[in-house]
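Below is one structure, written out as structure tokens; the observations come after it.
The values are calculated or read from the model by the stated rules, or taken from the named source; none is laboratory data. Not measured: the values here are computed from a predicted model. Cβ atoms come from the backbone with ideal geometry, glycine included; neighbour counts cover every protein chain shown.
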Amino acid sequence: MSELAAAQRHLRRADPVLAQIIDRCGSCTLQPDRRYFASLVEAILSQQLSVKAAATIHARFKDLLGGQVESAGILQLTDAQIRAAGISRQKMGYLRDLSTKWQDGLLHGRRLARLTDDEVIAALTQVKGIGRWTAEMFLIFSLGRLDVLPVDDLGFRNAVKKAYRLRKLPEAKRLQQIAENWRPYRSVATWYLWQSLDNKPR
């Protein structure tokens, strides 16, 4: 049995509300995106933008880099080139900080993959422009960690409110209480709740 299948089986037994969502949504299709650096760049570029605007800017930036989103390539670009792609001065600073730390070895895909969840969050949030939420999305969607609970994610909170028929948006403590029985598959439970609203973070 695959780990995702084991997760579905566990969650179905642990939580009758999730069991109904699993029946409705089918198999979990979470697959890690191993383009670690490129995923972080995309996360920075997407901040505070609509999906369409973010996709346009990301495509321009990727073209500027010759199709390869790599730290060395970003550091070779001039400020004018980056700004011409529609990237704000603030995000340009974030991209340069991420690229420098990646080049210096302070961050690296293989190193991040060996760290615990808390260590990954601590490492990534040293980068300007990367907060806890972005680090948690990286854990789920890039590193494939199965027991992450993104309590600050608005889509997740809305999904829990609807599924569990709560009067108001749940705060972190309430979410942790509801999710206790989901361990060690809280990422998978979160994915199903996003699916229940068709409201995935990306």
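The table that follows gives values for the structure above.
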{"quantity": "Conditions (1) surrounded by 14 or more Cβ atoms within 10 Å (Cβ to Cβ); (2) over 23 Å from the mean Cα position of the chain (by Cα); number of the one not met by residue 94", "calculated": "(2)"}
{"quantity": "Selected residue (only one of 7, 55, 85 is small (Gly, Ala, Ser) and surrounded by fewer than 16 Cβ atoms within 10 Å (Cβ to Cβ))", "calculated": "55"}
{"quantity": "Selection from region 100-128 of residues that are part of a loop (DSSP other than H, G, I, E, B) and either at pLDDT below 95 or of a type in the set (Asp, Glu) (or both)", "calculated": "104, 105, 106, 107, 108"}
{"quantity": "Options 182, 194; residue that is over 17 Å from the mean Cα position of the chain (by Cα) and within 22 Å of residue 142 (Cβ to Cβ)", "calculated": "182"}
{"quantity": "For residue 27: the one exception among (1) in a helix (DSSP H, G or I); (2) farther than 20 Å from residue 183 by Cβ; (3) out of contact with any Asp or Glu (no Cβ under 9 Å at 6 or more places or on another chain)", "calculated": "(1)"}
{"quantity": "Out of 154, 139, 107, sole residue that is touching a Phe, Trp or Tyr at 6+ places or on another chain (Cβ under 9 Å) and either within 29 Å of residue 62 (Cβ to Cβ) or surrounded by 14 or more Cβ atoms within 10 Å (Cβ to Cβ) (or both)", "calculated": "107"}
{"quantity": "Residue check for residue 156: assigned to a helix (DSSP H, G or I), out of contact with any Lys or Arg (no Cβ under 6 Å at 6 or more places or on another chain), aromatic (Phe, Trp, Tyr) and more than 27 Å from residue 100 (Cβ to Cβ)", "calculated": "yes"}
{"quantity": "Residue check, residue 184 assigned to a loop (DSSP other than H, G, I, E, B), at pLDDT 95 or above and over 22 Å from residue 2 (Cα atoms)", "calculated": "no"}
{"quantity": "Any hit, region 87-99, residues being free of Cβ contacts under 8 Å to residues at least 12 places away in the same chain, outside any loop (DSSP other than H, G, I, E, B) and over 23 Å from residue 148 (Cα atoms)", "calculated": "yes"}
{"quantity": "Condition check for residue 41: modelled with pLDDT of 95 or more, assigned to a loop (DSSP other than H, G, I, E, B) and surrounded by 15 or more Cβ atoms within 10 Å (Cβ to Cβ)", "calculated": "no"}
{"quantity": "Subset tally (residues that are in the same structural domain as residue 9 (by TED's automatic domain parsing), among the basic types (Lys, Arg) and free of Cβ contacts under 8 Å to residues at least 12 places away in the same chain) for region 19-77", "calculated": "0"}
{"quantity": "Residue in region 121-131 that is farther than 15 Å from residue 37 by Cα, aliphatic (A, V, I, L, M) and in contact with a Ser or Thr (Cβ under 7 Å, 6 or more places away or on another chain) present", "calculated": "no"}
{"quantity": "Residue match in region 4-13 (condition: within 25 Å of residue 184 (Cα to Cα), in a loop (DSSP other than H, G, I, E, B) and touching a Leu at 6+ places or on another chain (Cβ under 8 Å))", "calculated": "no"}
